[in-house]
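The values are calculated or read from the model by the stated rules, or taken from the named source; none is laboratory data. In this text, all values refer to a predicted model and were calculated from it rather than measured experimentally. Positions of Cβ are backbone-derived with ideal geometry, glycine not excepted, and every protein chain shown enters the neighbour counts.
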Amino acid sequence: MGNRVLITGGAGFLGSHLCDRFYREGWNVLCMDNLITGAFSNIQHLEGNERFTFIDYDVTNYLDVDGPLDLILHFASPASPIDYLEMPIQTLKVGSLGTHKSLGLARAKKAKFLLASTSEVYGDPLEHPQKETYWGNVNPTGLRGVYDEAKRFAEAMTMAYHRYHGIDTRIVRIFNTYGSRMRLKDGRALPTFFRQALKNEPITVFGDGSQTRSFTYVDDLVEGIYRLVHSDYVDPVNIGNPEEISILDFAKEIIEITGSKSDIIFEELPADDPQIRQPDISRAKEVLGWQPQTGRREGLMKTMAYFKEQVLNG
């Protein structure tokens with residue numbers, strides 16, 4: 001039958017790119033998603049292929065699939081502020097119950113398990129850049145805490161299953177990633193800036209724009225995850241691009257790239273918005289031989305055609 005992988009959240013932005021990669025590599029791909037933030041259109045091109053199966057299901061419920069499994073990639077979760085602020089309980093449930101159910105399935109099937117964690121486990125960091133050894137600075141009762149703490153719990157659960165049940169686990173801490181299949185209105189800076197710039201609308205920058213982010217092109221992220229799956233490294237690994245930029249400079253860059261006539265306007269900074277974000281990728285370089293290959297400007301140029309089409313189609 002060949003290798004079989006279950007990708008939870010497989011119809012989402014990142015999950016769908018992973019479905020593509022594992023399918024191209026010859027795997028049999030089971031894509032599971034309840035489509036509350038994912039979109040069937042992201043994986044529709046794979047439908048009808050004998051090595052691809054879509055399962056419309058909520059991973060927080062009892063979880064089982066027919067047949068053997070070699071690998072589970074747990075990517076199910078709302079992942080943008082607009083989503084987890086609107087769906088706080090679902091976010092907590094998929095990080096806790098969903099991770100528990102997915103790990104239970106990995107144990108039953110004797111499958112390898114990879115958890116999609118996030119740079120948000122570092123919160124508003126007091127260490128810069130952020131190493132995997134940093135424990136973070138998270139407000140557990142704040143609005144963003146539902147996502148941050150769900151992922152922190154998921155990491156703890158993953159390591160508990162590794163230590164107590166001997167599950168072969170991996171943890172990837174994902175930094176801001178962009179590329180095709182992002183939703184225009186998912187609330188994150190990059191798609192919002194593209195949407196506003198392409199429509200020549202004012203670009204909204206929160207605070208004074210001095211807060212920083214580090215953006216990773218999706219192909220680089222997928223490559224890092226694929227290498228992590230095939231490594232024997234158990235502790236968390238940052239996968240991100242250390243090329244840091246302030247949000248204000250980033251807004252200006254989007255205006256320049258798109259040739260937009262947009263002005264920049266400033267709005268109040270959301271609660272607990274991280275002031276800095278930059279991965280230390282020494283571990284990924286050493287353990288995986290990985291580093292990003294796509295510069296930010298190159299990646300943005302690759303992505304712009306997708307956003308133009310999205311804006312055109314409403």
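Some points to look at:
- Ile281 falls short on exactly one of the conditions (1) surrounded by 20 or more Cβ atoms within 10 Å (Cβ to Cβ); (2) assigned by TED's automatic domain parsing to the domain that holds Ala160, and that condition is (2).
- Scanning the range 55-77 for residues that are crowded, with 19+ Cβ neighbours inside 10 Å and either in contact with a Pro (Cβ under 9 Å, 6 or more places away or on another chain) or of a type in the set (Phe, Trp, Tyr) (or both) gives a single hit, Phe75.
- Hey, Ala160 surrounded by 23 or more Cβ atoms within 10 Å (Cβ to Cβ), of a type in the set (A, V, I, L, M) and assigned to a helix (DSSP H, G or I) or not: no
- Residue that is outside the structural domain of His17 (by TED's automatic domain parsing), within 19 Å of Pro129 (Cβ to Cβ) and among the charged types (D, E, K, R), where the choices are Glu298, Glu256, Glu268, Glu286: Glu286
- Matching residues, the range 1-19, being touching a residue at least 60 places away in the same chain (Cβ under 8 Å) and outside any strand (DSSP E or B): Met1, Asn3, Gly9, Gly10, Gly12, Phe13, Leu14, Gly15, Ser16, His17, Leu18
- Looking across Ile247, Ile225, one residue alone is closer than 19 Å to Thr177 by Cα, touching a residue at least 24 places away in the same chain (Cβ under 8 Å) and outside the structural domain of Pro81 (by TED's automatic domain parsing). It is Ile247.
- Test: residue in the range 124-131 that is outside any loop (DSSP other than H, G, I, E, B) and surrounded by fewer than 19 Cβ atoms within 10 Å (Cβ to Cβ): no
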